[in-house]
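Student: Okay, handing you the structure first.
The values are calculated or read from the model by the stated rules, or taken from the named source; none is laboratory data. Predicted, not measured: the structure shown is a model, and the values here were computed from it. Cβ: placed from backbone, ideal geometry, glycine included. Neighbour counts: every protein chain shown. Calculation scope for accessible area: heavy atoms of the full protein, side chains included, ligands and nucleic acids excluded. Shrake-Rupley method; radii C 1.70, N 1.55, O 1.52, S 1.80 Å.
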Amino acid sequence: LEYCLSSTMPKAGRRRKKTRTHVAEDETTQSALSSAEALKVPKSLVIRRGKVESEVVELVDDLRKLMLPFTAIHFKEPARNSKLTLIRYSKELAMPMGISHILAFSQNEEHLNLRLARVPDGPTMSFHVEQFSLCRHVKAIQRRPYTSAGAFQQPPVVVTNNFGDATAPPQVKLMRITFQSMFPAINVATVKLADCRRVVLFNLIRDEEKDVVQVRHFAIKATPVGINKKVRRLIQTKVPNLHSVQDIADYIAGSSTAMTETGNASDSEPEDETSHVVLSQKYAGRGNVKSQKSALKLVELGPRLSLHLFKVERGLGGGDVMYHAHITKTAQEVKELKERKQKEAMLKKQRREEQERNVERKRKAAEEKREGKRKRREEREEMAMNNLRKGKVAEDENDESDEEEKSEQSESEDKEEENESAEE
């Protein structure tokens, strides 16, 4: 104890000196690397546009929780932004905040629509929301709903199923790539097992009429296996009722009918042996240590979505249509539409350039007018100063003439006095 105090406390009469516990040589390099890595992480913005039902408002909140942690969870939509286009959203809100994807819900009399856009260059995919279930609906049908705030501190693992291979249609490939790019990529070599707490599943159901993408959100729950069920209850801090036993050993040996505080609820191990894995690292939950066999179980968190892709547009909702599920056009019609879009873009560019020239011309005219006013003001000031100078000179000349007259009068008076004295 004496050695510890002498090594940590300063000597009497000296000031305590702070010891740096980090290396400051590469602080600039580390900050640059961290900022570069942060720029690569995709960030999302889930919004609603126009008037929607209260259930859609709750769906927006649930989808923001699904996109955690790289999303604007507490984003407030001002009323003045309800009719903004995706391009305006991108310029005024998304790009300043570093947003990479915008998910916009809108509702009309027939459909609930979802537009998924990549910022800032697109493309934009439009979906019909065929069906959806909120998180509270999913939890209402579960016997033991899963709640864990720590599971939302890391991004989920993305699983895409039945999207085909290289021979899949272009719109299917685009959906798969877009869904994967909405979440950070996982480096298998460096990922921590404890960070993989959730799974987002995108399952494509192909039909002759239309293709539907089902979105599901699960939590990964691990339970240790290979040990006695009652011991596992003790490990998981479920205190049993021991009023009918004399010792804890009697409870573990099974010589009594002691129950846990949760009653007769079954907490047996899963019978499916394929869900048993040996953990390579420590995982969330008591008893899930390294090299321990645990049973993995998926618990649905919600929300559920069934999406039907009906349109793909180039850019942020204002470009030409690359794919449409209900409208098919011939090559000639596509060519004519493309030429018309190019003409519209050219006319828009010409109008913008003409407007810029008019603005520049008006600016120059206003500047010339200000310059003319300034010159006239300076001329007036200079004339006033000249007039003041001339008036002062005239006054000086008058003063000099008066002084000369006075001096001449005094001289004449002196001469008269001399003459009078001489006569006397």
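Student: So which of K76/K311; K43/K173; K65/K173; K40/K139 end up more than 31 Å apart, counting from Cα to Cα? Write down the numbers at each step before the final one.
Tutor: Working: K76/K311 28 Å; K43/K173 21 Å; K65/K173 26 Å; K40/K139 34 Å.
The answer is K40/K139.
Student: Mind running the shape call on the range 52-121? Use the C-alpha gyration tensor, a ≥ b ≥ c as the square roots of the eigenvalues: rounded below 1.5 for a/c, prolate if a/b tops b/c, oblate otherwise.
Tutor: Numbers: a/c = 1.65, a/b = 1.24, b/c = 1.33.
Oblate, since a/c reaches 1.5 and b/c is not below a/b.
Student: Same structure again: What distance in nm separates the two pseudo spin-label positions at E208 and Q350, each 7 Å out from Cα along the beta-carbon direction?
Tutor: So the two model labels end up 5.1 nm from each other.
Student: Next question. How far apart, in nanometres, would the label points at S181 and K91 be if each is projected 7 angstrom from Cα along the Cα-to-Cβ direction?
Tutor: My value for the distance between the label points is 2.2 nm.
Student: What FRET efficiency comes out for E53 versus E379 if R0 is 60 angstrom and r is the Cβ-Cβ distance? Round to the nearest 0.05.
Tutor: Numbers: r = 71 Å, r/R0 = 1.18.
Calculated transfer efficiency: 0.30.
Student: Could you tell me whether the range 73-164 comes out rounded, prolate or oblate from its Cα gyration tensor? Rule is a ≥ b ≥ c as square roots of the eigenvalues, rounded for a/c under 1.5, then prolate if a/b exceeds b/c, otherwise oblate.
Tutor: Working: a/c = 1.62, a/b = 1.48, b/c = 1.09.
Since a/c reaches 1.5 and a/b is larger than b/c, the shape of the range 73-164 is classed as prolate.
Student: Just subtract the alpha-carbon distance of K341 and N108 from 0.36 nm times their residue separation and send over the number in nm, one decimal. Can you show the working numbers first?
Tutor: On the way: separation 233, 0.36 × 233 = 83.88 nm, distance 2.69 nm.
Result: 81.2 nm gained on full extension.
Student: Under a crude label model (7 Å from the Cα following the beta-carbon direction), how far is K139 from N387 in nanometres?
Tutor: Inter-label distance under the simple model: 8.5 nm.
Student: Here is a follow-up. Assuming R0 = 25 Å, what is the FRET efficiency of V359 and N81, from their Cβ-Cβ distance, to the nearest 0.05?
Tutor: Working: r = 27 Å, r/R0 = 1.07.
E(calc), rounded to 0.05, equals 0.40.
Student: Of all the accessible heavy-atom surface of the range 45-195, with the other protein chains kept in place and a 1.4 Å probe, what percent is carbon and sulfur? Don't skip to the answer; put the middle values down first.
Tutor: Working: 4370 of 8390 Å².
Carbon-and-sulfur percentage of accessible area, whole number: 52.
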